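J.: Let me give you the structure first, and then I'll get to my questions.
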Amino acid sequence: MAPPPTYGCASFEAWVDSARHAGVIALFQREFGKTGIVAPDAARALPRSFEKRLSSDCGDFIETGSEEVRQVRSEVHAFLDLCATVLDRELLDQNDRRY
């Protein structure tokens, strides 16, 4: 397998891989949350939403209230928006270094 493309961010330059969701989440936390590239409170939305999904998939009977669903949905949307912003910034930085 070819290595991933290299972006300005050191996190993209590292060859990291995981076959499991939990591993990918841990790598994201290590490479982006703990380094401050993504604010730690925003980065925590990923493992929180994954835990909710696991609970609903594996639990015998899980009842989720509409307010909890709205909260998780809001966190996930904010998380995705933040990730898009970070990627856009990194790609712009990479393009600036080329020219």
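The values are calculated or read from the model by the stated rules, or taken from the named source; none is laboratory data. Keep in mind it's a predicted model, so treat the numbers as computed, not measured. FYI the Cβ positions are ideal-geometry reconstructions off the backbone, even for glycines, and counts take in every protein chain you see.
J.: Could you figure out which of (1) in contact with a Pro (Cβ under 7 Å, 6 or more places away or on another chain); (2) surrounded by 15 or more Cβ atoms within 10 Å (Cβ to Cβ); (3) modelled with pLDDT under 75 isn't true of residue 25?
T.: Result: residue 25 passes all but (3).
J.: On to the next question. Determine which single condition residue 82 fails, assuming it passes every other condition in (1) part of a helix (DSSP H, G or I); (2) surrounded by 12 or more Cβ atoms within 10 Å (Cβ to Cβ); (3) at pLDDT below 90; (4) of a type outside the set (Ser, Thr, Tyr).
T.: All conditions are met except number (3).
J.: Please work out which residue is farthest from residue 24 (Cα to Cα), limiting yourself to region 35-71 and to residues that are hydrophobic (A, V, I, L, M, F, W, C) and in a helix (DSSP H, G or I).
T.: Looking at residues that are hydrophobic (A, V, I, L, M, F, W, C) and in a helix (DSSP H, G or I), I get 69.
J.: Report yes if residue 74 is assigned to a helix (DSSP H, G or I) and closer than 24 Å to residue 20 by Cα, otherwise no.
T.: no
J.: Taking only region 72-91 into account, find how many residues are within 19 Å of residue 26 (Cβ to Cβ) and of a type outside the set (A, V, I, L, M, F, W, C).
T.: Count: 1.
J.: Condition test on residue 19, is it on the phi < 0 side of the Ramachandran plot, under 14 Å from the mean Cα position of the chain (by Cα), at pLDDT 70 or above and of a type in the set (A, V, I, L, M, F, W, C)?
T.: no
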